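Before any comments, here is the structure.
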């Protein structure tokens, strides 16, 4: 299956996306503001890291929620579409689009910053991605 013809999220996945966006808004995050998303990431990471390792909760819920927020931020500005895409690492929620053969895995992007203790990097990363996608999609 071509990654850019990957299916859109099914109804349960669409509901999961909507629920995570709603939870972000309930937490006071402005999905249309990269700085707000970045501040939420930094706060969530710091709260999680404040606990000793054996007492830390699994961060996947926060990572997915923030990743979906980042993806929605990018989607709204670029016209990319949510999809369930498969690459050599597996099948995940992604943003896809043409022209430019664009494929972005927002939750994975956030997970990598989380594991790298990427405090303060998310807003600049989002802006860089927006610039790259805009450049790639120029006819």
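The values are calculated or read from the model by the stated rules, or taken from the named source; none is laboratory data. Worth saying up front: this structure is predicted, and the values here are computed from it rather than measured. Ideal geometry is used to build each Cβ from the backbone, glycine not excepted, and the neighbour counts take in all protein chains shown.
Within the stretch 74-81, is there a residue that is surrounded by 12 or more Cβ atoms within 10 Å (Cβ to Cβ), in contact with a helix residue (DSSP H, G or I) (Cβ under 8 Å, 6 or more places away or on another chain), touching a residue at least 60 places away in the same chain (Cβ under 8 Å) and under 19 Å from residue 127 (Cα atoms)? Within the stretch 74-81 (the criterion being surrounded by 12 or more Cβ atoms within 10 Å (Cβ to Cβ), in contact with a helix residue (DSSP H, G or I) (Cβ under 8 Å, 6 or more places away or on another chain), touching a residue at least 60 places away in the same chain (Cβ under 8 Å) and under 19 Å from residue 127 (Cα atoms)), the answer is yes, since at least one residue qualifies.
In the stretch 5-13, the condition of being part of a helix (DSSP H, G or I), within 15 Å of the chain's Cα centre (by Cα), more than 21 Å from residue 125 (Cβ to Cβ) and modelled with pLDDT of 95 or more is met by at least one residue.
I need the full set of residues from the stretch 6-27 which are farther than 25 Å from residue 84 by Cβ and either in contact with a helix residue (DSSP H, G or I) (Cβ under 8 Å, 6 or more places away or on another chain) or surrounded by 12 or more Cβ atoms within 10 Å (Cβ to Cβ) (or both), in order please. If the condition is that a residue be farther than 25 Å from residue 84 by Cβ and either in contact with a helix residue (DSSP H, G or I) (Cβ under 8 Å, 6 or more places away or on another chain) or surrounded by 12 or more Cβ atoms within 10 Å (Cβ to Cβ) (or both), then 27 is the only one that fits. For the stretch 114-129, the count of residues that are surrounded by 19 or more Cβ atoms within 10 Å (Cβ to Cβ) and touching a strand residue (DSSP E or B) at 6+ places or on another chain (Cβ under 6 Å) is zero.
Screening residue 98 against (1) over 13 Å from residue 41 (Cα atoms); (2) out of contact with any strand residue (DSSP E or B) (no Cβ under 7 Å at 6 or more places or on another chain); (3) in contact (Cβ under 8 Å) with a residue 60 or more places away in the chain; (4) surrounded by 14 or more Cβ atoms within 10 Å (Cβ to Cβ) leaves a single unmet condition, (4).
Which pairs turn up if I take residues in the stretch 39-56 that are within 24 Å of residue 125 (Cβ to Cβ) and look for partners that are crowded, with 17+ Cβ neighbours inside 10 Å with beta carbon separation below 6 Å, at least 6 apart in sequence or on another chain? What qualifies is 40/29; 41/66; 41/122; 44/62; 48/59.
Out of 109, 80, 93, 37, report the one residue that is touching a strand residue (DSSP E or B) at 6+ places or on another chain (Cβ under 6 Å) and within 21 Å of residue 19 (Cβ to Cβ).
80
Which residue, of 93, 122, is over 20 Å from residue 36 (Cβ atoms) and under 14 Å from the mean Cα position of the chain (by Cα)?
Exactly one residue qualifies, and that residue is 93.
Each row is one residue, and each column tells you yes or no for (1) assigned to a helix (DSSP H, G or I); (2) closer than 27 Å to residue 7 by Cβ.
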{"site": "51", "(1), (2)": "no, no"}
{"site": "65", "(1), (2)": "yes, yes"}
{"site": "68", "(1), (2)": "yes, yes"}
{"site": "71", "(1), (2)": "yes, yes"}
{"site": "95", "(1), (2)": "no, yes"}
{"site": "111", "(1), (2)": "yes, yes"}
{"site": "119", "(1), (2)": "no, no"}
{"site": "129", "(1), (2)": "yes, yes"}
{"site": "132", "(1), (2)": "yes, yes"}
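Per the conditions (1) at pLDDT below 95; (2) touching a helix residue (DSSP H, G or I) at 6+ places or on another chain (Cβ under 6 Å); (3) surrounded by 16 or more Cβ atoms within 10 Å (Cβ to Cβ), the sole criterion not satisfied by residue 107 is (1).
Scanning the stretch 84-93 for residues that are at pLDDT 90 or above and either surrounded by 19 or more Cβ atoms within 10 Å (Cβ to Cβ) or part of a loop (DSSP other than H, G, I, E, B) (or both) turns up 85, 93.
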